[in-house]
Amino acid sequence: MGPDVVGPGQAPPGPALTEQLLRELEELAVAAARAAGRFIVAERPRGLGVLDTKSSVNDIVTVMDQQSEALLRRHLLGARPGDAILGEEDGATDGTTGITWVIDPIDGTVNYLYEIPAYCVSVAAVVGDAATAGQWRPVAGAICNPLTSEIFHARLGGGAYVLAGGEDTAIRVNPVDVLLQTMVATGFGYLPAVRARQGEVLTAILPEIRDIRRAGSAALDLCAVARGMVDAYYEAGLNPWDLAAGWVIATEAGAVVSGLNSMAPGEAAVVAAGPGIHGSLLSRLEALAPLR
Ligand code: LIP
């Protein structure tokens, strides 16, 4: 691992991560994710359509992605005006505190368009350079699934929880240690060539695992690993906003979250699983690389 790459468990330079600061960031992430989650359900216009596309015709944006991001920015900067933000829709805005909010206003946008009940709002506070792979690390985060009224949340060293119906319940990964009995979640990108390669990797690994689940939201997939609803998750081609909050929540639930070849999780690859199975899944994926 090069001297300048931030490995799993290391925090890049930034503010002193006191317990008080981490609690403040976690509580703000929960409140912001809850507000945007309520908004995208309550204010969804009838006949919602595609407003624009990004990397391909299938990489869509709706007006609610933009409005949810605007709401998150107002909420976060209203509470902490000096922080930076990196958002899926409006990009990066600088700050002075060393804390950057990495936000996905609707993760699972295609599900949202089709009204498939698997989308969420993801909000993470990170330290380091969030725009550069391997140079940042989440320190607190929250993921709100507005349809199940669940908010997954965590801060460094504080454990992972799901808040539902006023109850805050600790969550842990599954202790699985046999690949053939491992339920794996994964996802596919928006570019045909990337999907073709991801399909080849899936075909190779499918006979070696219990089964595959494709929910359509990286953030919800990482929460599923954290609460033991699946045993493992891997995907290539993700952006920081797809994985930031899920990374700290899964880690605090006992998962190992990494990239390939000792790299930090990032666009090249994310592999998240309990310590009993992470190594076997990782070495299979490293042997099958590139994953996209
Ligand atoms: C989605 C991810 C999902 C991936 C999709 C897309 P979006 O994010 O959550 O895991 O498979 O290709 O990247 O575009 O809904 O924010």
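The values are calculated or read from the model by the stated rules, or taken from the named source; none is laboratory data. Keep in mind that this is a model prediction, so the values were computed, not measured. Neighbour counts are summed over all protein chains in view; Cβ atoms, including those assigned to glycine, are modelled from backbone coordinates with ideal geometry. Note: accessible area is taken over every heavy atom of the protein model, side chains too, but ligands, DNA and RNA are not part of it. Shrake-Rupley method; radii C 1.70, N 1.55, O 1.52, S 1.80 Å.
In the Gaussian network model of the chain, springs joining C-alpha atoms below 10 Å, which of I60, I171, I277 carries the largest mean-square fluctuation?
I60
Would you mind working out the accessible area per residue for segment 11-50, using a 1.4 Å probe, and quoting it in Å²?
57
For the residue pair E200 and A164, what label-to-label distance in nm results when each label sits 7 Å from Cα along the Cα-to-beta-carbon direction?
Between E200 and A164, the simple spin-label model gives 4.0 nm.
For the chain, modelled as a GNM with alpha-carbon contacts under 10 angstrom, which of A170, A140, A16 fluctuates the most?
A16
Suppose all protein chains stay in the model; what accessible area per residue would a 1.4 Å probe give for segment 78-158, in Å²?
32
Going out from 0 in 5 Å bins, what whole percent of all Cα-Cα distances in segment 129-183 drops into each bin?
P(r) for segment 129-183, in whole percents per bin: 4, 15, 17, 15, 17, 18, 12, 2.
Pop a pseudo-label 7 angstrom from the Cα along the beta-carbon direction at both T53 and T18 and give the gap in nm to one decimal.
5.1
Quantify, in whole percent, the carbon and sulfur part of the accessible surface of the chain (1.4 Å probe; protein heavy atoms only).
Roughly 53 percent of what the probe reaches on the chain is carbon or sulfur.
Would you mind calculating the relative contact order of the chain from Cα pairs under 8 angstrom and at least 6 residues apart, reporting the percent as a whole number?
18
Just add up the charged neighbours of V256: K/R +1, D/E -1, any other residue whose Cβ is under 13 Å from the Cβ of V256.
-3
Expected output is a single nm value to one decimal: the length gained when fully extending between V63 and R210, i.e. 0.36 nm times separation in residues minus the C-alpha distance. What is it?
Between V63 and R210, full extension yields an extra 49.1 nm.
With a 10 Å cut-off between alpha carbons and a GNM built on the chain, which of D211, D52, D83 moves the most?
Maximum among the listed residues: D52.
Do you know the relative contact order of segment 159-224, to the nearest whole percent, from alpha carbon pairs under 8 angstrom that are 6+ apart?
33
G37: net charge of surrounding residues, Cβ under 14 Å, Lys/Arg +1, Asp/Glu -1, itself excluded?
Counting the neighbours of G37, the net charge comes to -3.
With a length cut of 30 Å (Cα positions projected on each helix's long axis) and a Kyte-Doolittle mean of at least 0.0, go through the chain and give me the DSSP H helices that pass.
Membrane-span-like by this rule: 19-42.
Note down the net charge around V270, summing +1 for each Lys or Arg and -1 for each Asp or Glu among other residues with Cβ under 10 Å from its Cβ.
-4
Between T97 and Y190, what FRET efficiency comes out of the Förster formula 1/(1 + (r/R0)^6) with R0 = 45 Å and r the beta carbon distance, rounded to 0.05?
0.85
Looking at the calculated P(r) for segment 1-154, what percent of the C-alpha pair distances fall above 24 Å?
35
Give me P(r) over the chain, computed from all C-alpha to C-alpha distances, binned every 10 Å, as integer percentages.
7, 31, 37, 21, 3, 0
For D90 and V178 in the same chain, what is the full-extension length gain: residue separation times 0.36 nm, less their Cα-Cα distance, in nm?
Result: 27.4 nm gained on full extension.
Any idea of T97's accessible area? Nearest 10 Å², probe 1.4 Å.
For T97, solvent-accessible area is about 50 Å².
Of A218, T93, L243, which is farthest on the positive side of the dipole of the chain, counting Cα position, with +1 on Lys and Arg Cβ, -1 on Asp and Glu Cβ, and the Cα centre as origin?
Checking the options against the dipole of the chain, the answer is A218.
Quick check: Cα centre of segment 188-261 to Cα centre of segment 28-49, how many Å?
Cα centres, segment 188-261 to segment 28-49: 24 Å.
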